[in-house]
1. Determine the pairs where a residue that is closer than 29 Å to TYR139 by Cβ and at pLDDT 85 or above, located within the range 202-230, has a partner that is among the charged types (D, E, K, R) and crowded, with 19+ Cβ neighbours inside 10 Å with Cβ atoms under 8 Å apart, the partner being 6 or more residues away or on another chain.
2. Out of the residues in the range 145-186 that are of a type in the set (D, E, K, R) and closer than 21 Å to SER99 by Cα, state the one that is surrounded by the fewest Cβ atoms within 10 Å (Cβ to Cβ).
3. Suppose we filter VAL331, VAL264, VAL280 for residues that are over 23 Å from ILE401 (Cα atoms) and in a helix (DSSP H, G or I); which single one remains?
4. Among the residues of the range 267-286, is there at least one that is more than 24 Å from VAL36 (Cα to Cα), touching a residue at least 60 places away in the same chain (Cβ under 8 Å) and open to solvent by 40 Å² or more (accessible area, probe 1.4 Å)?
5. Take ILE241 and decide whether it is at negative phi, surrounded by fewer than 20 Cβ atoms within 10 Å (Cβ to Cβ), assigned to a helix (DSSP H, G or I) and within 25 Å of the chain's Cα centre (by Cα).
6. Give the residue that is surrounded by the most Cβ atoms within 10 Å (Cβ to Cβ), with candidates limited to residues of the range 194-225 that are within 19 Å of LEU85 (Cα to Cα) and under 24 Å from the mean Cα position of the chain (by Cα).
7. Which residue out of GLY358, GLY336, GLY386 is in contact (Cβ under 8 Å) with a residue 12 or more places away in the chain, open to solvent by less than 50 Å² (accessible area, probe 1.4 Å) and in a loop (DSSP other than H, G, I, E, B)?
8. Please count how many residues of the range 411-433 are at pLDDT 90 or above, in contact with a Gly (Cβ under 7 Å, 6 or more places away or on another chain) and either farther than 24 Å from MET380 by Cβ or open to solvent by less than 40 Å² (accessible area, probe 1.4 Å) (or both).
Amino acid sequence: MNKENSQYLRMTQMPVGSLVFSLAVPTIISMLVTAVYNLGDTYFVSKLGTSASGAVGIVFSLMAIIQAVGFTIGMGSGAQISRLLGAQKTDEANRVAASGLLAAAAFGTLLSVFGLLFLDGLMRLLGATETILPYARDYAAYILYAAPVMASSFLLNNILRAEGKARFAMVGLTTGGLLNLLLDPLFIFGFGMGIAGAAIATAISQCVSFCILLSWFLRGKTIVRLGAAGISKRPGTYLHILKNGLPSFCRQALASIATIALNVSAAVYGDAAVAAMSIVGRLFMFVFAVNLGIGQGYMPVVGYNYGAGLYDRVKAAFCFTLKVTGVLMTVAALAGFTAAPVLIRLFIRNDAEVVRIGAGALRAMCLAMPLVPLGVVCNMTFQSIGRSWTATALSLARQGIFFLPLILVLPGALGITGVQITQPLADGLTFLSCLPLTVWFLRDLRARQDTR
């Protein structure tokens, strides 16, 4: 039995719970390591002062833009590849992968060029105050140099997960993440480079991750093949990738816009508020990484089995993933609510205002955490089965339709409390909007199964 058939049988016959976990565990490890080195950046940079810590939050929204490009093309390609492999159309999957890599590198290069040309204006647009700007400028420049590599890494990472090779993706991402943690203190303090050292450490680590991810394809360890001959010359190929990736683009781009809006709103209350919300955002992403990791392990299971017409397995995977992520987020919410001030003090111990604002915001986030998984699982499900417009609408909901109007209105009415509670309220409204879609999806699967 060849490698392709063996993987197909694994994805379509292995018990659903075991399969999701086998793909999710490496992804969770990857996501947690990524979250840890993001927290590491925040921790080490916070030793340089409150303004420097605020700069991490500003540049985090820039990294979210780069991530939006990589995820748009990566998940757009990956969702399509998993369905094609489920339908046993390997040549078409190869074409999508090669074309996606070219597109990711090209868009990443454009971001790098334009970002460096308009660096100061971009930092101000992202919410940098005059005291934060020098730190943000130094940090952002090196991140922009690495943008093409970062975008391409997201693409390769998603292709590996799409074909069920999450362990390969884990090796590349965890190696880069651990290297980042080692290089941060060396460059920041050892070489006396300050916040620029943190950015250089991140850029080097991203390049190492990219090389490891690419090596799996070059060494023939994957089903999907990358090669210049596979690059499509038809615009329709790229449009299809972008259409499939549109939910990811909306999700990531709106996350960046929401972070910008949050920073701008928080900046009214000083650097302490910007730093506090930055720390809370990183803490939430650490917890959310587990949720996303399970979801990204779940996506290829849905894609493969939907492509193969095994709708009962799609339903089983949906219900299993929702239950597991719901329980995990509830447990994390209880722990985070109880330990909120302690968690904030891990980053900035001597600024009481940062601790006060951060603890209040974190506790508000924890109240909504158990509601988050339904939105994530629904979004990933519709993207995986090719219902791009439904997935896009859900992507617009959390950080766009609900968050942006709330962040524009609530701070003016409630002050800093409005800044703290905007995201939890948006999460609650997103949960309510997903309920009817969940009922419709499960009924549709039942009808498809009955007509087979």
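1. Listed by first residue and then by second, the contacts come to THR202/ASP41.
2. This residue is LYS165.
3. Of VAL331, VAL264, VAL280, the one residue that is over 23 Å from ILE401 (Cα atoms) and in a helix (DSSP H, G or I) is VAL331.
4. Within the range 267-286, one or more residues are more than 24 Å from VAL36 (Cα to Cα), touching a residue at least 60 places away in the same chain (Cβ under 8 Å) and open to solvent by 40 Å² or more (accessible area, probe 1.4 Å).
5. No: the conditions fail for ILE241.
6. Here the answer is VAL224.
7. GLY386
8. 1
The values are calculated or read from the model by the stated rules, or taken from the named source; none is laboratory data. None of the values given here were measured: they were computed from a predicted structure. Methodologically, a virtual Cβ is constructed for each residue, glycine included, from the backbone with ideal geometry; neighbour enumeration extends over all protein chains shown. When the accessible area is computed, the model is the full protein with side chains, heavy atoms only, and any ligands, DNA or RNA have been set aside. Shrake-Rupley method; radii C 1.70, N 1.55, O 1.52, S 1.80 Å.
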